[in-house]
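The values are calculated or read from the model by the stated rules, or taken from the named source; none is laboratory data. Remember, it's a predicted structure, so these values are computed and weren't measured experimentally. Virtual Cβ from ideal backbone geometry, glycine too; neighbours counted across all protein chains shown.
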Amino acid sequence: MLFSSSTKGKNLKNTRNNKHYREAPAHNTSVWLYGRHAVLAALSNPNRKKQKLFVTAKPDFDTDSVPVQVVNKGQLEQLLPEGAVHQGLALKADALPSLALEDIAFKDKAVVLVLDQVVDPRNIGAILRSAAAFDAAAVVVADAHAPAETGTLAKAACGALEVVPFVRVNNLSRALETLKKKGFWIYGLDGYATATLSEEKLPAKTAFVLGSEGDGMRRLTTKNCDYTIKLPMSDKVESLNVSNAAAIALYEFYRTK
């Protein structure tokens, strides 16, 4: 029901405060990245510390920045999760350095996605890919309610994990207050809202909040939104996948700015 066209609900407005928050939990573990797009993007990212590249054939790209080991397909598959679609490439690397919202220099016109308990790494990856396509300034998740950085997430992101700031925070409500302090207006996507996305004149700094497809945004998250809106859509379906909803919201901001 999260992104349905139901007409029940209301817009919300909240008083803002100026309390300063800084959120940057550390994630310094090693990760396996696999698949051509994910690996090439990681190799091109100066912020990604590379450990070793494993290949099943001589690479057709520059590998000066990383040690390379040639292995057979069976050996490569033993290193990776079962069913990983690796395309003959796998990179062992450090997880990306942690980012805080305070570390990001937002432009005068910017859009941010905030995800409330979206836990499927494929959905997160698809959302990152849309964020890259429509020039989003960041994707923000609650650390305790989001998947870790994994090869599955990176492959679904198709390289976007390396170019879109992926910010993990301890407290999502506090992160929304930080965004407000930076000039953002917060729009929660809710199928029961009265206003639709197409009717809104979005401000130059907009943050879209999306909850899990099953339960939607949590009550406290909704309370911290300035407005709730829904996607204009047919009654033939009840809802959209959260990654599809994110892409539509980002496109609407992108085309009007």
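Is it the case that residue 46 is outside any strand (DSSP E or B), outside the structural domain of residue 222 (by TED's automatic domain parsing) and not β-branched (Val, Ile, Thr)?
So residue 46 fits the description; yes.
Just need a number here: residues in segment 224-240 that are basic (Lys, Arg) and touching a helix residue (DSSP H, G or I) at 6+ places or on another chain (Cβ under 8 Å).
The total comes to 1.
Would you kindly identify the strands (runs of 3 or more DSSP E) lying entirely within segment 61-141 that contain at least 1 residues that are aliphatic (A, V, I, L, M), touching a residue at least 40 places away in the same chain (Cβ under 8 Å) and in the same structural domain as residue 49 (by TED's automatic domain parsing)?
Once the strands (runs of 3 or more DSSP E) in segment 61-141 are filtered for at least 1 residues that are aliphatic (A, V, I, L, M), touching a residue at least 40 places away in the same chain (Cβ under 8 Å) and in the same structural domain as residue 49 (by TED's automatic domain parsing), what remains is 89-94.
Residues that are of a type in the set (S, T, N, Q) and in the same structural domain as residue 137 (by TED's automatic domain parsing), at least 1 per element: which strands (runs of 3 or more DSSP E) completely within segment 167-241 meet that?
Where strands (runs of 3 or more DSSP E) fall fully within segment 167-241 and carry at least 1 residues being of a type in the set (S, T, N, Q) and in the same structural domain as residue 137 (by TED's automatic domain parsing), they are 205-211, 227-229.
Check whether at least one residue in segment 176-184 is among the polar types (S, T, N, Q), within 15 Å of residue 123 (Cβ to Cβ) and modelled with pLDDT of 95 or more, and report yes or no.
Checked against the condition, which is being among the polar types (S, T, N, Q), within 15 Å of residue 123 (Cβ to Cβ) and modelled with pLDDT of 95 or more, segment 176-184 yields no hits at all.
Provide a single number: the residues in segment 68-83 that are at pLDDT 95 or above and either within 24 Å of the chain's Cα centre (by Cα) or closer than 16 Å to residue 161 by Cβ (or both).
Matching residues across segment 68-83 total 1.
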